[in-house]
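The values are calculated or read from the model by the stated rules, or taken from the named source; none is laboratory data. Note that the structure is predicted; figures quoted are calculated from it, not measured. With ideal geometry, Cβ positions are generated from the backbone for all residues, glycine too; neighbour counts draw on all protein chains shown. Keep in mind that these areas ignore ligands, DNA and RNA; they rest on the heavy atoms of the full protein, side chains included. Shrake-Rupley method; radii C 1.70, N 1.55, O 1.52, S 1.80 Å.
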Amino acid sequence: MERNVRAVRAVKARPKQKTENLLLEMKDLRVSYGEREALHGYSLELRPGEIHVIAGESGSGKSTILKALLGLTSYSAEVTGGSIFFDGKDVLALSGKERRELLGDEIGLIAQNPAASFNPLRTFRAQFAETMESHGRKLDEHEVFHVFKTLGLPTDGRVLDSCPYEVSGGMCQRVAIALLMLLRPRLLLCDEVTSALDVTTQKQVADELLRLRKETGMGILLVTHNLGLAAYMADTISILRDGDCVEAGPVGGHYRDTPGVLSDPQHDYTKKLLHDVPDFEEVLRGRSVFDNAAAKAVELKDVHKTYRVRGNDVLALQGVDLVLYKGEMLGVVGESGSGKSTILRQVSGMETPEVGDVSTEGKYQYIFQDAYASFDPRMTIRQSLYESMRNAARRDGKAVLRGRSIPENDERIRTYLEQVGLTEDLLDRYPSRLSGGQCQRMAIARALVADPEVLLCDEITSALDVTAQREVVELLVRLQKELDLSVLFVSHDLALVHSFCDRILVLKSGEVVECDEASDVILHSEDPYTNQLLSSVLTVA
C-alpha cells in the first residue's frame, strides 16, 4: 500500500545567485512544530571537503536541521523562515520529485536507527542491489567487501546474505554506513551514526569517512553528542541549545594545532557540555573491593553459547567465568559481537547456555539499550509501570492489584519517580512523547517499581547526549547506594565505565580477556586487546 508523505511546507522561494565554492548554505533557518518554534534562525556555510558538527543536548534542534534539508519532518512541522541552498539550488523551492533526485547521488543520509530504514525481511544483498540499480549502477561484491573490511564486517558473505533482524544494532549501523560509502554522495548527512558502535569500530568509521572526504571532496554534516568524535573529525562546530546556536567556529581540541570552540569555549553551556564528557580522570563514586568470600549476586561458570545463523555456528560465549558481588557495580566492555549482551541474556534467563552454569541470588530487572522500543507504544507510561508491578507481584507470589487507579501503586510510582528525577505529569503520556533522557529514566523507574536487587543494564546510555548520560549514571550511582543494588553494566564507553564501576571485565570474541579493579584495567593493563580498545577512545582534551 502506497502512502503519500507530506514534506515540510517551504517558504516562498527567493531568487538567489550561486555562492562561489559553497556546497551547502543555510541562512536564518526557522522550523516550527505547531505553535512551538524548534529552530530559531540557524545559519551555516559548508564548503566541499569540509566537515561541520552540530552538537547539543537532545531536543536542541540538531536533527530538525537535517530533516528540514531532506523534507522529512512530520506533519506538524513546517519551515517558517530562512533559506537552504545546495550547490546553488534553492532546496525549499524544489518539488518533491526534484528533491528526491538529489538524494543518494548528491545527498546521502546515515540515520541514527538504520534498522528502521532497511526492510527487515529482505537480505542486505537484495537491498544493496536495489539501491545501486536505482542510481544506475550494478552491485560490485568486491567493492562491497572492501568497504566491509574497512568497517570490521565479515567478508565471507554471511552478513550480506543476512536480514537486518538477524544482526546486532551496531552491525546494522555499519552496514548502513557501508551502503552510503558505496554511493559516495557529494554531501553526507550523519545523524548520531556512531552512537551504537564500540570504540574500535567508531574510530574505524571516523577514519574511513575522513579518507572518503580526502579522496572525493565530500562535505559532511555530522550531528552528534560525542564531542570526542567531533574533536577528531570536524573542521568547524556549532553548539545548539533549545533551538539557538549559542557558539560556533573552528572545532579546536587536542587533535588540532589551532584553538577553537572545544579547546577555548566561551559560552557557559558549551563549558557544561565539556564538563559532562566522561574521562579517565574522574571517579563518581568510591571504589569497593570484594574478596572471594563476599556474597555473590550473579555467577557464571564456564558458560558456552552458540547461535545458529543461516546454517553456520557462531560462538558467542566461550568458557566465560563471571562473578557479580552483592552491592557491586561491574562494567562489561568489548567490541560489538564480543558477547556482552549475550551474558545479560544468560543471567536474565532469556537464553540458556549449552555448557556451564548460571546462578543468581535475588530479584533482577533488565534495562534495555533502546528505551523507546522496550515500552509498548500503545500503553501510557502509567500503564507500563502498573504492568511491571503486576508482573513483580506474580513473581513474588503476592496478590495482583488491578484497576486504572490504585492508590498503593500510585504512591509507589511517585516514590520512584522522585528518585529518578521525573514528574507525575509524564505518567499519562505515551513513550513517543518523552525525550530520550526522560524515556531512559522512566525505564529505570519501571525496573525499580519491581523491587529488584540486581539491575542488568544493556548499553543504556549509548543513545543519550553527554548531559543526559551523566545524569543517568549519577542516578544509578545514587540508587545503588540507597537501595544496595548490584549492577551489571554493559557498555562500549570505557571512560564512562571507569568513572563509576568497581571492576571492569573485558570481552573479546566471547572470551574473558581480563577482569580486575577498574583503575588497574584502565591504567595498568598489559593485555594488547585492552590497550587497543583504550587507544581507540576519541577524547576532547
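Filtered by the rule that a residue be out of contact with any helix residue (DSSP H, G or I) (no Cβ under 8 Å at 6 or more places or on another chain) and of a type in the set (Asp, Glu), the stretch 496-525 gives Glu511, Asp516, Glu517, Asp520. Considering only residues in the stretch 264-285 that are open to solvent by 60 Å² or more (accessible area, probe 1.4 Å) and modelled with pLDDT of 90 or more, the one that is nearest to Gly41 (Cα to Cα) turns out to be His267. Restricting attention to the stretch 417-436 and to residues that are open to solvent by 10 Å² or more (accessible area, probe 1.4 Å) and in a helix (DSSP H, G or I), the residue that is nearest to Gln346 (Cα to Cα) turns out to be Gly436.
Scanning the stretch 351-372 for residues that are touching a His at 6+ places or on another chain (Cβ under 9 Å) and either on the phi > 0 side of the Ramachandran plot or at pLDDT below 90 (or both) turns up just one, Gly356.
I'd like the residue in the stretch 467-512 that is in a helix (DSSP H, G or I) and charged (D, E, K, R) and, out of all such residues, is least open to solvent (accessible area, probe 1.4 Å).
The selected residue is Arg470.
Return the residues of the stretch 288-319 that are open to solvent by 80 Å² or more (accessible area, probe 1.4 Å), in contact (Cβ under 8 Å) with a residue 24 or more places away in the chain and within 24 Å of Leu330 (Cβ to Cβ); say none if nothing qualifies.
So the first thing to find is which residues in the stretch 288-319 are open to solvent by 80 Å² or more (accessible area, probe 1.4 Å), and the list is 289, 291-293, 301, 308, 310, 313, 315.
Those left that are additionally in contact (Cβ under 8 Å) with a residue 24 or more places away in the chain: 289, 301, 310, 315.
Once the filter is applied, which keeps residues that are open to solvent by 80 Å² or more (accessible area, probe 1.4 Å), in contact (Cβ under 8 Å) with a residue 24 or more places away in the chain and within 24 Å of Leu330 (Cβ to Cβ), the stretch 288-319 yields Val289, Lys301, Leu315.
Pull up the stretch 520-541, narrow it to residues that are in contact with a Lys or Arg (Cβ under 7 Å, 6 or more places away or on another chain) and in contact (Cβ under 8 Å) with a residue 24 or more places away in the chain, then point me to the one that is surrounded by the fewest Cβ atoms within 10 Å (Cβ to Cβ).
Step one: list which residues in the stretch 520-541 are in contact with a Lys or Arg (Cβ under 7 Å, 6 or more places away or on another chain), which gives 529, 536, 538.
Going one step further and asking which of them are in contact (Cβ under 8 Å) with a residue 24 or more places away in the chain, we end up with 536, 538.
Numbers: Ser536: 17, Leu538: 19.
It comes out as Ser536.
Name the residue that is modelled with the highest pLDDT, counting only residues in the stretch 71-87 that are surrounded by fewer than 18 Cβ atoms within 10 Å (Cβ to Cβ), assigned to a loop (DSSP other than H, G, I, E, B) and among the hydroxyl-bearing types (Ser, Thr, Tyr). Applying the filter and picking the extreme gives Ser76. Taking the conditions (1) open to solvent by 20 Å² or more (accessible area, probe 1.4 Å); (2) within 21 Å of Val487 (Cβ to Cβ); (3) outside any loop (DSSP other than H, G, I, E, B) in turn, Gln383 satisfies each one other than (2).
All of Ile444, Ile413, Ile460 fail the test of being of a type outside the set (Gly, Ala, Ser), within 19 Å of Tyr386 (Cβ to Cβ), surrounded by 21 or more Cβ atoms within 10 Å (Cβ to Cβ) and touching a strand residue (DSSP E or B) at 6+ places or on another chain (Cβ under 7 Å), apart from Ile444. Selection of the stretch 116-151 for residues being open to solvent by 70 Å² or more (accessible area, probe 1.4 Å), hydroxyl-bearing (Ser, Thr, Tyr) and in contact (Cβ under 8 Å) with a residue 40 or more places away in the chain yields only Ser117.
Just one of the listed residues (Ser341, Ser348) is at pLDDT 90 or above and either out of contact with any Asp or Glu (no Cβ under 9 Å at 6 or more places or on another chain) or at positive phi (or both), namely Ser348.
Note on the stretch 218-259: residues that are within 27 Å of Ala38 (Cα to Cα), open to solvent by less than 60 Å² (accessible area, probe 1.4 Å) and without any contact (Cβ under 8 Å) to a residue 24 or more places away in the chain amount to 2.
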